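I have placed the structure first, in the form of structure tokens, so that the comments after it can refer back to it.
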Amino acid sequence: MKNLSKSQKLTWKQYLVVASLLFGLFFGAGNLIFPLHLGQLAGANWGTAAVGFLITGVLLPLLSVLAVAITRSEGVYDIGKPLGAGFAVVFMVLIHATIGPLFGTPRTATVSFTVGVAPFIPKDQQTAALFIFSAVFFLLAFAFSYHENNILSNVGKVLNPLFLALLFLVFIVAFLNPLGNPQTAAVTAAYKHSALVNGFLEGYNTMDALAGLAFGVTVVTAVRSMGQKDPKSVSKVVAKSGVVAMGAVGLIYLLLILMGAMSLGRFKVSDNGGVAFNQIVNEYGGLFGQALLAFLLTVTCLTTAVGLVAAFAQDFHKHFPKVSYHTWLALSCLASFLAANFGLDQIISWSTPMLMFLYPLSMVLILLSVFSPLFNKDGVVYFFVILFTVLPALGDMVIAFPSVVSQSQFGLWVASVRSTLPLASMGLSWLVPALVGLVIGLVGHLMKKKRLVTTNEELD
């Protein structure tokens with residue numbers, strides 16, 4: 001008998017709609033500046049570094065959305081639920097705080113200011129200018145999110161493609177008139193022997209795997225609204241559309257990394273990718289190009305900020321309903337405004353430790369979710385993998401803090417303990433313990449399954 005709830009076959013246009021949604025979800029402020037800076041750091045080793053960056057910046061975000069689809073999750077809370085409600089709430093709060101008011105959302109304002117506005121402001125006035133700019137920026141984000149207005153998203157549908165068109169124009173000009181030869185570009189010390197691993201770790205900064213867990217439900221809901229009923233069909237559509245979307249993101253990353261390596265022919269390694277992008281656009285487009293880029297980038301980042309503050313407020317109101325959506329929204333915008341005024345360099349330096357802790361947890365949860373049908377989503381497997389991942393990840397977090405923490409007595413003690421773990425020098429001290437936890441968890445699952453079969457046989 002035929003299944004009446006069989007999914008409809010999608011047209012290629014519908015696949016492109018989902019791909020466009022995925023692209024819009026993942027391409028934000030950090031996606032522009034981090035690959036460019038990576039190219040400058042890696043120099044002649046840009047290709048090897050790019051492979052590592054694409055794993056955490058492209059493949060992992062795609063898997064995070066697939067994880068939401070496969071487990072039929074309604075959000076990041078459900079991804080952590082196999083480990084209990086307490087863990088799920090803590091994990092949700094950490095993810096939303098990181099991609100939201102602590103680091104991700106403030107970065108939308110600081111990137112648009114650093115790349116677009118700062119070049120027009122004298123250096124001694126930039127602190128005051130950032131204060132005014134970020135205040136206006138987050139007041140607008142609050143206003144658009146408060147009324148749940150779709151004007152900005154509609155504007156974004158016009159301005160995002162315009163921004164990408166301008167970006168590709170920069171690529172065309174840059175590759176027709178290269179600033180230097182990427183194959184002979186200087187390589188920084190960290191990228192001489194560990195370009196792959198450092199590129200992999202640099203991909204953490206995009207925060208896209210975390211964003212995929214938080215916003216994946218948006219994509220899955222859109223796919224279901226197109227007539228896809230069963231989870232297999234939903235996963236298939238997400239996978240196909242994801243390959244298109246993330247392929248486009250990956251291409252932009254590669255071009256930005258290569259452009260960063262080429263820029264070393266004219267410029268020194270910059271403090272951050274925002275400064276590098278500003279230098280390159282000024283070199284090719286002058287003040288007019290800079291002004292046009294400033295406008296488009298600000299609106300693109302504002303669109304991203306609206307999505308982030310709204311998602312934060314919606315999820316927190318859902319789990320903590322005593323506080324209204326509008327109060328959570330105001331708190332998110334206020335916290336983001338305060339964090340933005342520390343400046344882009346400070347946001348990056350303080351976000352790195354949190355990402356060193358959260359990314360390993362997110363990676364193992366994403367992979368466990370994707371493969372959960374193989375072990376019936378058994379909490380035993382989840383428990384041991386997370387248990388063996390969380391302690392090394394905490395160590396990596398302490399080591400990644402600025403020197404006030406990492407060089408303290410406690411920080412040095414953590415470093416000495418952590419150095420005994422395999423791959424610790426690469427920032428991957430969690431990897432081997434996580435695999436050990438997986439083996440123990442799977443053995444526990446098989447023993448549990450065997451006991452259940454034996455009990456059922458005895459009852460029969």
Unique match (being open to solvent by 50 Å² or more (accessible area, probe 1.4 Å) and modelled with pLDDT of 90 or more) among 51, 58, 17: 51
Test of understanding: among 205, 198, 177, which residue is of a type outside the set (Val, Ile, Thr), assigned by the TED database to the domain that holds residue 104 and surrounded by fewer than 16 Cβ atoms within 10 Å (Cβ to Cβ)? 177
I'm trying to understand the selection: among the residues of segment 100-150, which are open to solvent by 20 Å² or more (accessible area, probe 1.4 Å) and of a type in the set (S, T, N, Q)? 114, 125, 126, 127, 149, 150
Mind checking which pairs have a first residue in segment 236-258 that is among the polar types (S, T, N, Q) and a second that is open to solvent by less than 10 Å² (accessible area, probe 1.4 Å), Cβ under 9 Å, 6 or more apart or different chains? 241/18; 241/19; 241/22; 241/219; 241/223
Which of (1) open to solvent by less than 50 Å² (accessible area, probe 1.4 Å); (2) modelled with pLDDT of 85 or more is the odd one out, the single condition residue 156 does not satisfy? (2)
Wholly within segment 308-414, helices (runs of 4 or more DSSP H) carrying at least 1 residues that are open to solvent by less than 40 Å² (accessible area, probe 1.4 Å) and modelled with pLDDT of 90 or more: 325-340, 344-370, 379-400
Does residue 269 fit the bill of being within 25 Å of the chain's Cα centre (by Cα) and surrounded by 18 or more Cβ atoms within 10 Å (Cβ to Cβ)? no
Give just the number: which of (1) among the hydrophobic types (A, V, I, L, M, F, W, C); (2) under 30 Å from residue 430 (Cα atoms); (3) buried (at least 19 other Cβ atoms within 10 Å of the Cβ) does residue 277 not satisfy? (2)
By residue number, the members of segment 423-434 that are at pLDDT below 90 and either touching a Ser or Thr at 6+ places or on another chain (Cβ under 8 Å) or among the β-branched types (Val, Ile, Thr) (or both) are 423, 425, 426
Candidates 36, 41, filtered to the one that is in contact with a helix residue (DSSP H, G or I) (Cβ under 8 Å, 6 or more places away or on another chain), in contact (Cβ under 8 Å) with a residue 60 or more places away in the chain, open to solvent by 10 Å² or more (accessible area, probe 1.4 Å) and not charged (D, E, K, R): 41
Test for residue 169: is it within 30 Å of residue 51 (Cβ to Cβ) and touching a Gly at 6+ places or on another chain (Cβ under 7 Å): no
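The values are calculated or read from the model by the stated rules, or taken from the named source; none is laboratory data. Owing to the predicted nature of the structure, the values given are computational and were not obtained by experimental measurement. Counting neighbours? That spans all protein chains shown, and the Cβs are built from the backbone with ideal geometry, glycine included. With ligands, DNA and RNA removed, areas are computed over all heavy atoms of the protein, side chains included. Shrake-Rupley method; radii C 1.70, N 1.55, O 1.52, S 1.80 Å.
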